[in-house]
Amino acid sequence: MKTIDDLQCEGKTVLVRVDVNAPVTDGVAGDSPRFKEAAETIRELAGKKARVVVLAHQGRAGDADFIPLKQHAELLSKHTRKRVKYVDDLFGSKALSEIGRLKPGKILLLENTRFYAEETLAAPPEKLAQTIFVKTLASHAQAFVNDAFSAAHRGQASLVGFPELLPSYAGRVMAREYAAISKVAGAMERPVVFILGGAKPDDCFKLLKYAAENNKADYLLTSGVIGELCLIAEGKDMGAKRQWLEEKGYAKILPELEAFVKKHGAKIKTPVDFAYKDSDGIRAETDSAAGAPVFDIGSRTAKGYAEIIRRSRAVYFKGPVGAYEQPQFESGTRIVLKAIESSHAFSLMGGGHTMNALEKFGINKKKIGHVSTAGGAVIAFLSGEKLPAIEALEKSAQKTY
Ligand code: 3PG
């Protein structure tokens, strides 16, 4: 694939897809290392006098973090040390007139791509290239740069549609991350431990299946939503949490997960204790998740997981293992990350929340093999899948426009 080293961008309007999908608390988008990473390519292109039009998504429809990108423009301004102007439109007249006015070296951030139905249309790249969204923006630009490695496993319009119509290039993050992941994925020494947590159980289940069925890992330590689903699959009572899992649509994998846990149970570890908030709002621990909503693994689970990590030679961490943003529920994630930091295992980790947790707990990144901005994209790659955004860039490199 081509990179921005191959792009003569001076005076050109360049669409730059980044991934600054950030943690959102009470409507406030938190700063995250993804902003710093994304700033590199944006700043470089602006420095080379391109007219930089940035595209990004935030959250998923229906979730509390599905918000406009106004705050993201402020955070990108901070990290690029240049003004990033925001427009609350993606391909309507407001957006197009801002693009038309953009001077060389200036940066514009368009609205959350997922606010528009065409972005998440399930269709192949050739079809997505024919959406009004992609066709309109492509007709106002001369090149497309994809720097959203952490969204590279999504075949969405803003990621795979533009390379059908515009010469396309990998940004710095995309090129660096893809090279690093390709290098490490095949070279993991045994025993290999995967630690899976966070709030995206579908991605985690995909990796669990691939790892177990292809003997890619020796221990599969679960936590977060996938941990809760595995516990149900083992026949444990999760109390009211089960209803929440059903409402969120996460429980739909349960029938398949039950069969999977029966077959591969020996490798799968689930939490044996949990932390919850007692009536005074203070952390308390319990052996059963049936009584109260749980927010972290308990201390016995954390100790057990840390012990397995210490004996391993390679670790992949897709965390966090609990609601680490809240001080009373940070200890599970802290203990697991500290165990990885002090182990001799080669470690690979990723995801927006993981990067934030590394900062929060002061983990020495030199002790970590590779820290990726990506969670799901790394999972997809480790699961043996092709990444649609990478395929689109590779196809573009062979194409004449
Ligand atoms: C991420 O945060 O992993 C990426 O931005 C992809 O987000 P998604 O899982 O909502 O597609």
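Here, each number is a calculation from the coordinates, and none is a lab measurement. Note that the structure is a prediction, hence the values are computed from the model and not measured. Cβ sites come from the backbone with ideal geometry, for glycine too, and all protein chains shown count toward neighbours.
Descriptive notes on the structure:
- For the peptides 146-154, 60-68, the ranking by mean Cβ contacts within 10 Å, running from highest to lowest, is 146-154, 60-68.
- Whole-Å distance, taken between Cα centres, linking segment 349-401 and segment 233-284: 27 Å
- Lys49-Lys248 FRET efficiency (beta carbon distance; Förster radius 45 Å; 0.05 resolution): 0.45
- Simple rule: put +1 on each Lys or Arg Cβ and -1 on each Asp or Glu Cβ in segment 208-349, find the dipole, and look at Ala289, Phe317, Leu254; the Cα lying farthest toward the positive end is Phe317.
- Among beta bridges from DSSP that stay inside segment 182-368, the antiparallel ones total about 30%.
- Distance between the pseudo-spin-label points of His140 and Asp89 (7 Å out from Cα toward the beta carbon): 0.7 nm.
- In terms of its alpha-carbon gyration tensor, segment 182-368 comes out oblate; a/c meets the 1.5 threshold, while b/c is at least as large as a/b.
- Checked against a 24 Å cut-off, the cross-linked pairs Lys82/Lys365; Lys269/Lys318; Lys183/Lys365; Lys36/Lys318; Lys78/Lys367; Lys209/Lys248 give Cα-Cα distances beyond that limit for Lys82/Lys365; Lys78/Lys367.
- Dipole magnitude of the chain, debye to nearest 20 (Cβ charges: Lys/Arg +1, Asp/Glu -1, about Cα centre): 1260 debye
- Distance-filtered residues of segment 243-258 - backbone nitrogen under 16 Å, label point 7 angstrom along Asp237 Cα→Cβ: 243
- Distance in nm between pseudo-label sites at His344 and Ser299 (7 Å out along the Cβ direction from Cα): 2.9 nm
- Each peptide in 16-27, 388-399 receives the mean, over its residues, of other Cβ atoms within 10 Å, and ordering these scores from highest gives 16-27, 388-399.
- Spherically averaged projected area of the chain from its Cα convex hull (nm²): 18.8 nm²
- Largest GNM mean-square fluctuation among Leu159, Leu257, Leu76, using the chain with Cα springs under 10 Å: Leu257.
- Inter-site label distance for Asp65 and Asp26 at 7 Å from Cα along Cβ, in nm: 1.8 nm
- Evaluating 6.51 cos²θ - 1.76 cosθ + 1.60 at θ = phi - 60° for every residue in segment 202-219, the Karplus couplings come out as 4, 4, 5, 5, 4, 5, 4, 4, 4, 5, 6, 6, 10, 6, 8, 9, 9, 9 Hz, glycine and proline recorded as x.
- Once the Cβ-Cβ distance of Glu213 and Ala122 is raised to the sixth power relative to R0 = 22 Å, the FRET efficiency obtained is 0.30.
- Among Ser93, Ser288, Ser279, residue whose mean-square fluctuation peaks in a GNM of the chain (springs only between Cα atoms under 10 Å): Ser279
- Considering only the chain, percent of DSSP beta bridges that pair antiparallel, nearest 5: 20 percent
- Helix 388-397 axis, angle to the chain major axis (alpha carbon atoms, nearest 10°): 30 degrees
- Report summary: the helix-based calculation at 222 nm, which adds -39500 (n - 2.57) for every DSSP H run with n ≥ 4 and divides by the residues of the chain, gives -11000 deg cm²/dmol.
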